[in-house]
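Right, one structure below, let's go through it.
No value in this document is a laboratory result; all are computed from the given coordinates. As the structure is a computational prediction, the values presented were derived from the model and not from experiment. FYI the Cβ positions are ideal-geometry reconstructions off the backbone, even for glycines, and counts take in every protein chain you see.
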Amino acid sequence: MSLHYAKRSLNFFWEHSKKWLATSVILTIFKGVAPIISLWLTKELINSITSNLQTNNSDYMQVFLLLCAQFLLSIIVASLQKIQQYMDRHEITKLSLKLNQLYLRKTTTVPLNAFDDPELHNYVNRLQGDKGESFLSPYQDLLEVCKSVITIFSFLIFLLSFHWALFILSIISALPIYFVQSKFGNKKFELIKSQTTNLREMNYINYLLSDRHSAKEIRIYELGAYFINRWSSIFSMNAVRRLNLFRKQQISEVGAEGVTSLLYMLSALIIIWLASETTIQIGDFVAIGQAVQGTQNMINQAAFSLARIYEKSLYIKDYFEFIDFEFGNNDLVPRVEEFPIPLKKGIRFRNVTFRYSNNTKVILNDISFSIRHGEKIAIVGENGSGKSTLVKCLMGLYPITSGKIYFDNVDAELITHASLRKNITAIFQDFSKYPFSVKDNIVFGDIERATDTFLIKKVACATGVDEFVGKFENGYETILGNFLEKGEDLSGGQWQKIALSRALYRDCQILILDEPTAALDPKSEKDVYMGFEKIAKNKTTIFITHRMSTARLADRIFVMKNGRIIEEGSHDELMLLEKEYYRMYKMQTHWYSSNKVF
């Protein structure tokens, strides 16, 4: 982990986990010295029993006291372990809340065009799982290392009191394990990172095979077996790579453990030599063996914890990289201006060009126009002509590549996002269907006015929602869909009326409708727009439509083609030109009047 992200991690941890750290350090110190205390008690217990047996001494009070001390120590250690586990779980829960809040704020504030960047989806996929546990894990391992170091140091001092060679051999024996764990910890993370795209595809296929909306096509086109085979192929390919890495790690660990065993054998020979050359008691002999083995185990455990710290620190680095990453953020100057209230002159585009990042294809090409405040504008054109992109740039969802957008005389790039969102609302063709109540689905348009029942009723009547909601037993409290609980399953047209109500519920100056009535028949669509016109009076309205009959309701019509506005005017004016709009209108008139579909 770089120094920058190490500081970010430490600052965040210190801000939120000081109490956990202070208490854990105290517990760690005690748990670190507990093994040497236990070893000393064992040594004294064996020596006491041996002495009593050799001298036929029947006074076993010292033995009893040592057994009581061992029992008390084991109870204390077990209790501290449970306390630590509870503290860890509590801290993980708290950190998960903070980290997920920060993560979700990031995902909800990145520019809309960031979702066209695969790197965003790679980050999101890699950061799945319990963030609190992943974040706390390195600090838990660091405390484990500290505990091991305390235990190792006490064991080494004990061994050094018998022979310096035992001290040296115990330290050297852990180095191979440490190097193996460090090496493969890095390789495992890099493997996971390289497989992110494949894992995303697997998750998507899993979603397709279990999603209600895709279930129809999966069955009609008999795609189930194909997608299962595709998922299985990716799974097998990823599994082979993971197993190969695991196999290499196991081979390396066998070699490292072989070196450790050899060094332990040398230590055992030294212990035997000490027993033959010096007068040591049986308890001392047993304690030396346990100390050597305990030292090696603790060093191995410390090595494993250090390797895991490195592995988990890569996750933390990934997390803060995502939080800091500027996904297509073009805000080169601070946004300090407020949206003009009320809007007087209207909207002005000046030589606006847009292309996606890392893409040379121009989506909007040098567009200029003006819209008067209160004017109703229809935008028509073939698919891919740039209609939806234009309104997304207007709303600030896409940062324009060049040119300027003005509201009155205020540069849109200087207006705060909050002020911009407050004064412009939209409903798109792919609107969200929230599995909550009818009321919730409407008031989500302006959650700050969630209790305005009069306005809820007003917009619902204007869009036709009130007609079918009135038939529901629970009225506006009726749950929609069956995703979270049993509710009313609406038709596509009814859902579109709900979404339209949500857009109208927001008290804003500019309303944008990007083909929200595509699922309605022409008559129902016209009725909705007539109702919409009443409630949206004195507001600037822009609506995208493929139906020329709907476009006639607008004051002016923009005709788009290949990222440009090629015609502009009222319905009658454009019909007189007999160009693109005329061609499109006549084509649809022919469709509606013809008895043949093809």
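Strictly over 28 Å apart at the Cα level, which of Lys433/Lys471; Lys94/Lys433; Lys7/Lys98; Lys31/Lys106; Lys19/Lys131; Lys98/Lys387 would you flag in this model? Result: Lys94/Lys433; Lys31/Lys106; Lys98/Lys387 exceed 28 Å. The slack between Ser357 and Lys586, meaning 0.36 nm per residue of separation minus the straight C-alpha distance, is 78.7 nm. The Cα-based radius of gyration of region 535-576, divided by its Kirkwood radius, gives an Rg/Rh of 0.98. Between His417 and Tyr60, the contour length at 0.36 nm per residue exceeds the alpha carbon distance by 120.4 nm. Listed from fewest to most Cβ neighbours within 10 Å, the set Phe558, Phe71, Phe189 follows the order Phe71, Phe189, Phe558. Going from the residue with the fewest nearby Cβ atoms within 10 Å to the one with the most, Arg230, Arg556 rank Arg230, Arg556.
Applying 0.36 nm per residue to the separation of Asp572 and Ile37 and subtracting their alpha-carbon distance, the gain on full extension is 182.9 nm.
Each principal axis of the Cα cloud of region 1-158 was evaluated for its coordinate range; sorted largest first, these ranges are 87, 27, 25 Å. Sorting Arg335, Arg350 from the fewest to the most surrounding beta carbons within 10 angstrom yields Arg350, Arg335.
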